[in-house]
Amino acid sequence: MNMFEKLHTRLIPVAQVRYILPGIFLILLFNFVFFPQGRNRLLEDNTLSGHLLDTKFSYGVDEAFDLMQSYGPEARTVYWKMALVVDNPYAVVYSLALMLLLILLFSATVPENSLLKVLSFVPLLAGLADIAENACLAYMLRSFPDISEDIIKLSSFFTSMKWIFLTGSLILLAWGTFKYFSSARPNHK
């Protein structure tokens, strides 16, 4: 049994609906209350394309620089504060909630010794990439216009990794949910 399988087994008692539902509630709260308020404040003035860097899949050096310049000093300050104060806790909440949900689903549908259980930790990779992205964004926004191309490229890399791991997590969630409900039906007859 490898380290991830052991961790998966130890987390099964925590992967219960009563622990997952508050995480889902917080995810909804972030998505429908906190983020729209910050986004509206950031984008109320004339931004270049109406996009925040962390909502894009990736971005080049010129595009990132142009967007940051278009925000203006006040919006850049709000953006870096939101990245650290709102988006970092959100990354922790969504990654833990999705991980626990996958552990719940996989513990019921995947064989005990399956390596597939390791995939329940993919949301943690999304959360870590999101936090690294936020650190890069905060640094760039605070340092603007004196930012290096390397930090922009690193930030874009973490942004892409976040979206790749998050998409993978959602695919695993859909697959796990399908497996859970399709395997549960015969037991309820």
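The values are calculated or read from the model by the stated rules, or taken from the named source; none is laboratory data. Keep in mind it's a predicted model, so treat the numbers as computed, not measured. Neighbour counts run over all protein chains shown; Cβ positions are idealised from the backbone, glycine included.
Being loosely packed, with under 13 Cβ neighbours inside 10 Å and within 20 Å of Ser156 (Cβ to Cβ) is the filter; apply it to the range 38-62 and report the residue that is modelled with the lowest pLDDT.
Leu48
Could you figure out which of (1) closer than 30 Å to Ser70 by Cα; (2) in contact with a helix residue (DSSP H, G or I) (Cβ under 8 Å, 6 or more places away or on another chain); (3) touching a residue at least 60 places away in the same chain (Cβ under 8 Å) isn't true of Ser160?
Going through (1) closer than 30 Å to Ser70 by Cα; (2) in contact with a helix residue (DSSP H, G or I) (Cβ under 8 Å, 6 or more places away or on another chain); (3) touching a residue at least 60 places away in the same chain (Cβ under 8 Å) one by one, Ser160 breaks only (2).
Considering every residue within the range 135-153, establish whether at least one is among the β-branched types (Val, Ile, Thr), outside any helix (DSSP H, G or I) and under 21 Å from Thr9 (Cα atoms).
no
Regarding Asn113, is this residue part of a loop (DSSP other than H, G, I, E, B) and of a type in the set (S, T, N, Q)?
Yes: the conditions hold for Asn113.
Of Phe35, Phe65, which residue is modelled with pLDDT of 90 or more, part of a helix (DSSP H, G or I) and either touching an Asp or Glu at 6+ places or on another chain (Cβ under 8 Å) or surrounded by 14 or more Cβ atoms within 10 Å (Cβ to Cβ) (or both)?
Phe65
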